[in-house]
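For reference, the structure is listed below as structure tokens.
The values are calculated or read from the model by the stated rules, or taken from the named source; none is laboratory data. All of these numbers come straight from a predicted model, not from anything done at the bench. Cβ placement follows ideal geometry from the backbone for every residue including glycine, while neighbour counts extend to all protein chains displayed. The accessibility values were calculated without ligands, DNA or RNA, using every heavy atom of the protein model including side chains. Shrake-Rupley method; radii C 1.70, N 1.55, O 1.52, S 1.80 Å.
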Amino acid sequence: MNSEKGFVYILTNPSFREDWVKIGKSSRPVDIRSKELDNTAVPLPFEIYATLCTSKYDKVEKQIHKQIDRLTDLRIRQNREFFNIAPDMALDIMRDIADILDDAELFVYVDGKPVESKSKEQDHSIASQEKEKQKRTNKPAFKFHMIGINIGETIIFDALNLPVKVASDDKIEYDGRLYSLSAFTGTFLPADKQNSSGAYQGPKFFSYKGKVLNDLRKQHESEQ
């Protein structure tokens, strides 16, 4: 029997449906495994939802898969580790197995960091907090109508004090071409102000009547 400890993991992905998870195993830390899975086939990186560390990780992974398969045909594809099950339900199954193991260490992730869990009640509390956080952070994409800006009006690209025209609810026009705010920022932001990722939240770089668009959005949301 393998005496070396390994991990069974539950991964979620922002590009998946809310009730899709990947449940697998790894002999190495799960953050390494999740980065290995980050490839061009998946639009966004995987996020660790929970891990179970045990010397019986190989058997535990098979048992979790078997338990889910007994519920119903929840595998998205029969030869893969993806399941059509809510993460908290998968966590319940993992917890039930952890409770009968002598060496199990169960961690639920909060803000990307592992929190050791001792009970199912604690698991549910952490999962509920994460769901509420997701609701707060999953804002809809910025649209000009959200802050009362109409098509044809002018906004300023602050880094260059450059006026551009609002061409649609989410596009601006400059030099005969249409851009999203983030694409324009990535194209025209001076080199000394660029970041290493090349990704930008466009509304932070434009202003309207002296106020940054991102601040106007926050003000509008607080008033609502």
So, first residue at pLDDT 80 or above in segment 79-90, second residue hydroxyl-bearing (S, T, Y), Cβ within less than 6 Å, six or more apart or across chains; the pairs are P87/T12; P87/Y49
What number of residues in segment 78-111 are open to solvent by less than 30 Å² (accessible area, probe 1.4 Å), β-branched (V, I, T) and over 18 Å from F16 (Cβ atoms)?
3
Which one of these is modelled with pLDDT under 85, open to solvent by 50 Å² or more (accessible area, probe 1.4 Å) and touching a strand residue (DSSP E or B) at 6+ places or on another chain (Cβ under 9 Å): Q122, Q201?
Q122
Could you count how many residues in segment 152-173 are at pLDDT below 95 and surrounded by fewer than 13 Cβ atoms within 10 Å (Cβ to Cβ)?
1
Any hit, segment 184-207, residues being part of a strand (DSSP E or B) and touching a residue at least 40 places away in the same chain (Cβ under 8 Å)
yes
Subset of segment 1-31 [closer than 23 Å to K56 by Cα, open to solvent by 50 Å² or more (accessible area, probe 1.4 Å) and at pLDDT below 85]:
M1, N2, S3, P29, D31
May I ask you to say which residue of S34, S117 is at pLDDT below 75, of a type in the set (S, T, Y) and surrounded by 15 or more Cβ atoms within 10 Å (Cβ to Cβ)?
S34
